[in-house]
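Visitor: Dumping the structure here so I can ask a few things about it.
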Amino acid sequence: MKWSQTLIPTLREAPADAEIQSHKLLLRAGLIRKLAGGVYTFLPLGLRALRKVEQIVREEMNRAGAIEMLMPALQPKEIWEQSGRAETARDVLFKVKDSGNREWFLAATAEEVITSTVANEINSYRQLPKNFYQVSVKFRDEIRPRFGLMRAREFIMKDAYSFDTTDEAAQVTYQKMYDAYARIFERCGLKAFAVEADTGVIGGKFSHEFMIPAETGENEVVFCEACGYAANIEKASSGLPKTAARDAGAAPEKFATPGVVTIEALAKAPYSVAANRQIKTLIYIADSKPVIVLIRGDDQLNEAKFAGKIGTTVFRAATPEEIFEAMGAHPGSLGAVTSTRKTKDVQVFADERLRGANDMTTGANEDGFHLKSVSIERDIQVSQWTDLRTVTAGEPCIKCGKSLKIRRAIEVGHVFKLGTKYSEKFNAAYLDEAGARKMAVMGCYGIGVTRTLQAVIEQGNDKDGIVWPLSVAPYTVCITPLNVDQNNEAMKVAEKIYADLTARGLDVILDDRDERPGVKFKDADLVGFPIRVGIGEKSLAKGEIEIKPRGGALQSVKIAEAVDAVLKAAGR
Ligand code: ATP
Ligand code: MG
């Protein structure tokens, strides 16, 4: 490709709304342009890099035995109602209406489409296992699209869906995908690591996310250097002991706490109730109904864990008015002790760390009063005991007891063991060898292809611009003749090397713009081509050209040896 024939609109400065380095560089290097918030056009260079990531993904998915297909982006609402996700995922779904007022959803993922297809087309164990994937546009109505391609409204995902006859077979497929993901990210030049993850609104039995360490990442990962335990903070647990049991009174005892509405205030004199002897009572509204959540006073609720327990992302903290209505008191004086509750049929979720705790203090559901000598098991009707707290750095590892650390990371991929959740909803059954009807055991596996592309840039850049790995660079080589006159020797040599390298299968761009060398070199560094070939009169006079790997040292090479030297630098 000749530079002048394509479109590479490089920018000196990034637009003000680009916050992180990779987003700035995507714009500055002329890879993408914003059409609207979270919606981007891929310019020619961006598309080339994207295609390379897609190609790696396809090769590794095919190698792992997955089969490519393409599913519609326009999905009838009915299949989402059938799976139950029209409700549980309603906040992220883009909805459109046709002229007949019928509702459609734009593809956010495709469990519904593939499972209903497989239910129709597969009916015997002989046709299993199968793993179908696609690389296609997805839409999500993100509350806060940001960071360019990282969190977009429209993006490209590789999504795969596996169908097995048994749980053990599904486990093998899961492991194959896990291994394929490790290879994909490695080939993209990324330092990815897998962590245990929350299954969220997709549901299922267990899952792993693939993470790229980055300060700008939107995820927090809890990990143990000693034993290798790693989990998303939305899922991580630690080995902290439960609340110590103590001698406590025979019944809760009310005491006046005028004006005390925080854990900290109650911890101070004259009350001096340590935060770890207090119960924090939080009120949420899920499906229009209040729900009580209890965690220890010195802990923080993890909303993602809670969301997993109530089975929907559609919940919110109750307003002070709703709280007063449900509890008869204001925030700061709330408690779940059954005898003090206005309404008894409210669900109570309690964090495991409180299990068995006694001699605790909590609000009395009366403004200005608290209860002490509360014994959870005796005084509070808990509907569900579960892990709800957020792990903090330094807590003991749940596996080995050593100190846990926390770091930020970008989620680029996610593998789920689904079980039969969707097979049952769509009747994806098969007949086994004995003729018995069984549900296919599913897994699903996503990679944010466009997010992965940006993660490559977030991990690979320096003060001059992008530093691409060879595998993903839009062009491997940029040839820069300093004089672009067709009759000039520099241009003739450039054309020859260009033709030879292209013939050898390298992706080469020839910067034929009539610009000052400084401008051309700056642009080449900004876009970040792994190898730059400089052709100027001075070195030509010595029968040489210059080869410079991105970020490496300049090397003079005889013209006759130029092609081999570039091939070598390109790892051929
Ligand atoms: P996140 O937690 O970042 O919102 P998710 O867990 O909802 O992502 P999945 O449903 O697991 O995402 O989708 C599979 C992959 O698609 C993710 O691992 C991520 O790489 C990518 N992805 C998800 N949402 C977006 C988005 N809004 N923009 C770009 N990529 C996305
Ligand atoms: Mg995910």
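The values are calculated or read from the model by the stated rules, or taken from the named source; none is laboratory data. This one's a predicted model, so the numbers in the text were calculated from it and none came from an experiment. Ideal geometry is used to build each Cβ from the backbone, glycine not excepted, and the neighbour counts take in all protein chains shown. The protein model used for the area step is the full one, side chains on, heavy atoms only, and it has no ligands, DNA or RNA in it. Shrake-Rupley method; radii C 1.70, N 1.55, O 1.52, S 1.80 Å.
Visitor: Can you tell me which of 547-558, 367-378 comes out highest on packing, and rank the rest after it, using the mean Cβ neighbours within 10 Å?
Guide: On the way: 547-558: 14.8, 367-378: 19.5.
The most tightly packed comes first, giving 367-378, 547-558.
Visitor: Taking a label point 7 Å from the Cα of L240 along the Cα→Cβ vector, which residues of the range 270-302 have an amide N closer than 18 Å to it?
Guide: 273-282, 293-302
Visitor: List the cysteines in the chain whose Cβ has no other cysteine Cβ under 4.7 Å from it.
Guide: C188, C444, C478 - these cysteines have no disulfide-compatible partner (Cβ-Cβ under 4.7 Å) in the chain.
Visitor: Between the range 430-465 and the range 215-231, how many Å separate their Cα centres?
Guide: 20 Å
Visitor: What do you get for Rg/Rh of the range 377-482 when both radii come from the Cα atoms and Rh is the Kirkwood radius? Let's see the in-between values first.
Guide: Working: Rg = 24.5 Å, Rh = 20.5 Å.
Over the Cα atoms of the range 377-482, Rg/Rh equals 1.20.
Visitor: Would you mind computing, in nm to one decimal, how far apart the modelled labels at R63 and S288 are, each placed 7 Å from Cα along Cα→Cβ?
Guide: 5.3 nm
Visitor: Go through K2/K548; K24/K158; K77/K421; K496/K548; K463/K520; K463/K558 and tell me which ones have a Cα-Cα distance over 28 Å in this structure. Mind showing how you got there, number by number?
Guide: Working: K2/K548 19 Å; K24/K158 25 Å; K77/K421 19 Å; K496/K548 18 Å; K463/K520 16 Å; K463/K558 31 Å.
Over 28 Å apart, Cα to Cα: K463/K558.
Visitor: Separate question: So, by mean Cβ neighbours within 10 angstrom, what's the order for 92-100, 127-135, 115-123 with the highest one leading? Walk me through the numbers on the way to the answer.
Guide: Numbers: 92-100: 11.8, 127-135: 19.7, 115-123: 17.8.
Peptide ranking by packing, descending: 127-135, 115-123, 92-100.
Visitor: How big is the chain along each principal axis, measuring the range of its Cα positions in Å and listing the largest first?
Guide: 99, 67, 53
Visitor: Give the residues of the range 182-199 whose amide nitrogen is closer than 19 Å to a point set 7 Å from the Cα of C400 in the direction of its Cβ.
Guide: 193-196
Visitor: Of the options V39, L27, N62, report the single residue whose Cα projects farthest towards the positive end of the charge dipole of the range 1-62 (beta-carbon charges: Lys, Arg +1; Asp, Glu -1).
Guide: Farthest towards the positive end: L27.
Visitor: Taking only DSSP H segments of four or more residues, each worth -39500 (n - 2.57), what value at 222 nm results for the chain once the sum is divided by all its residues, to the nearest 500 deg cm²/dmol?
Guide: -7500 deg cm²/dmol
Visitor: For Y174, tell me the accessible area in Å² from a 1.4 Å probe, rounded to the nearest 10.
Guide: In the full protein context, Y174 sits at about 10 Å².
Visitor: Oh, and also: Give me the percent of DSSP beta bridges within the chain that run antiparallel, rounded to the nearest 5.
Guide: Values: 90 of 111 bridges.
So the antiparallel bridges in the chain amount to around 80 percent.
Visitor: Taking the Cβ of V346 as the center, what net charge do the other residues with Cβ under 14 Å away carry, scoring Lys and Arg +1 and Asp and Glu -1?
Guide: Working: positive: K289, R341, K342, K344; negative: D287, E322, E325, D345.
Result for the neighbourhood of V346: 0.
Visitor: Taking 7 Å along the Cα-to-C-beta vector as the label spot, tell me the A226-Q55 distance in nanometres, rounded to one decimal.
Guide: Rounded to a tenth, the inter-label distance reads 4.7 nm.
Visitor: So what's the convex hull volume per residue for the Cα atoms of the range 101-200, in Å³?
Guide: Numbers: hull volume 15.8 nm³, N = 100.
It is 158 Å³ per residue.
Visitor: Given R₀ = 51 Å, what would the calculated FRET efficiency be for R572 paired with E142, taking r from the Cβ atoms and rounding to 0.05? Walk me through the intermediate numbers first.
Guide: Details: r = 41 Å, r/R0 = 0.81.
Once the sixth-power term is evaluated, E becomes 0.80.
Visitor: Within the range 317-412, what whole-number % of the accessible surface is contributed by carbon and sulfur, with the 1.4 Å probe and all protein chains included in the calculation?
Guide: Values: 2090 of 4110 Å².
So the carbon and sulfur contribution to the accessible surface is 51 percent.
Visitor: Sticking with this structure for a sec: If you take the beta carbon distance between E377 and A275 as r and set R0 to 22 Å, what does 1/(1 + (r/R0)^6) give as a FRET efficiency, to the nearest 0.05?
Guide: Values: r = 21 Å, r/R0 = 0.95.
Taking R0 as 22 Å, the efficiency between E377 and A275 is 0.60.
Visitor: Could you give the length gained on full extension between A434 and R102, defined as 0.36 nm per residue of separation minus the Cα-Cα distance, in nm? Let's see the in-between values first.
Guide: Working: separation 332, 0.36 × 332 = 119.52 nm, distance 4.34 nm.
So the chain would gain 115.2 nm between A434 and R102.
Visitor: Write out the trypsin sites (Lys or Arg not before Pro) in the range 256-294 meeting two conditions: DSSP loop, and at most 12 other Cβ atoms within 10 Å of their Cβ.
Guide: Working: sites: K268, R277, K280; in loops: K268.
Here the trypsin sites (Lys or Arg not before Pro) that fit, given the DSSP loop and packing criteria, are K268.
Visitor: Roughly speaking, what is the centre-to-centre gap between the range 126-144 and the range 288-337 when only Cα atoms are used, to the nearest Å?
Guide: 34 Å
Visitor: Restricting to DSSP loop positions (anything but H, G, I, E, B) with no more than 15 other Cβ atoms inside 10 Å of their own Cβ, which GluC sites (Glu not before Pro) remain in the range 393-476? Intermediate values should be presented prior to the final figure.
Guide: Values: sites: E411, E424, E433, E458; in loops: E433.
Of the GluC sites (Glu not before Pro), the ones in loops of the range 393-476 whose Cβ has at most 15 other Cβ atoms within 10 Å are E433.
Visitor: Quick check: from the Cα gyration tensor, does the range 6-76 come out rounded (a/c under 1.5), prolate or oblate?
Guide: Working: a/c = 2.61, a/b = 1.80, b/c = 1.45.
Judged from the Cα gyration tensor, the range 6-76 comes out prolate (a/c at least 1.5, a/b above b/c).
Visitor: Rounded, prolate or oblate: which fits the range 496-571 when a ≥ b ≥ c are the square roots of the eigenvalues of the alpha-carbon gyration tensor, with rounded for a/c under 1.5 and prolate only if a/b beats b/c?
Guide: On the way: a/c = 1.38, a/b = 1.12, b/c = 1.23.
Rounded, since a/c falls under 1.5.
Visitor: Ok, one more. How large is the charge dipole for the range 1-154, taken about the Cα centre, if only the Cβ atoms of Lys, Arg (+1) and Asp, Glu (-1) carry charge, to the nearest 20 debye? Show your work: numbers first, answer last.
Guide: Working: 25 positive and 19 negative charges, 143 e Å.
Around 680 debye, computed over the range 1-154.
Visitor: Still on this structure, I have one more. Whole angstrom only: what separates the Cα centroid of the range 16-68 from the Cα centroid of the range 487-502?
Guide: Computed from Cα coordinates, the inter-centre distance equals 30 Å.
Visitor: Quick check for you: which residues of the range 9-45 have the amide N under 19 Å from the point 7 Å beyond the Cα of F94 toward its beta carbon?
Guide: Residues passing the 19 Å test: 32-43.
Visitor: Looking at the chain, do any whole DSSP H helices span at least 20 angstrom along their long axis by alpha carbon and average -1.0 or above on Kyte-Doolittle, and which? Let's see the in-between values first.
Guide: Values: long enough: 44-63 (28 Å, -0.67); 167-187 (30 Å, -0.85); 489-503 (21 Å, 0.09).
Passing helices, by number: 44-63, 167-187, 489-503.
Visitor: In the range 436-548, with Lys and Arg counted as +1 and Asp and Glu as -1 at Cβ, which of these residues, W468, T480, S539, has the Cα nearest the positive end of the dipole, that is, farthest along it?
Guide: The residue sitting most towards the positive pole is W468.
Visitor: Going highest first, how would you order 80-87, 309-316 by mean Cβ packing within 10 Å? Can you show the working numbers first?
Guide: On the way: 80-87: 18.5, 309-316: 15.8.
Answer by packing, highest mean first, reads 80-87, 309-316.
Visitor: Using 7 Å Cα-to-Cβ label points, what is the A36/E81 separation (nm, one decimal)?
Guide: Here the modelled spin labels are 2.7 nm apart.
Visitor: Which one, V260, P290, A494, is farthest towards the positive end of the dipole of the chain when Lys and Arg carry +1 and Asp and Glu -1 on their Cβ?
Guide: The one lying farthest along the dipole's positive direction is A494.
Visitor: At R0 = 45 Å, how high is the FRET efficiency between F206 and K344 if r is their beta carbon distance? Nearest 0.05 is fine.
Guide: Working: r = 35 Å, r/R0 = 0.78.
Once the sixth-power term is evaluated, E becomes 0.80.
Visitor: HN-Hα J couplings of the range 335-344 from phi, Karplus 6.51/-1.76/1.60, θ = phi - 60°, integer Hz, Gly and Pro as x?
Guide: Taking θ as phi minus 60°, the curve returns x, 10, 3, 4, 5, 9, 8, 5, 10, 8 Hz for the range 335-344.
Visitor: Which three semi-axes in whole Å describe the equivalent ellipsoid of the range 1-158, each the square root of 5 times a Cα gyration tensor eigenvalue, listed largest first?
Guide: Numbers: eigenvalues 225, 100, 32 Å².
The equivalent ellipsoid of the range 1-158 has semi-axes of 34, 22, 13 Å.
Visitor: Sticking with this structure for a sec: Can you give the extra length, in nm with one decimal, that the chain gains between K496 and T319 once fully stretched, where that is 0.36 nm per residue apart less the Cα-Cα distance?
Guide: Values: separation 177, 0.36 × 177 = 63.72 nm, distance 7.17 nm.
Computed gain between K496 and T319 is 56.6 nm.
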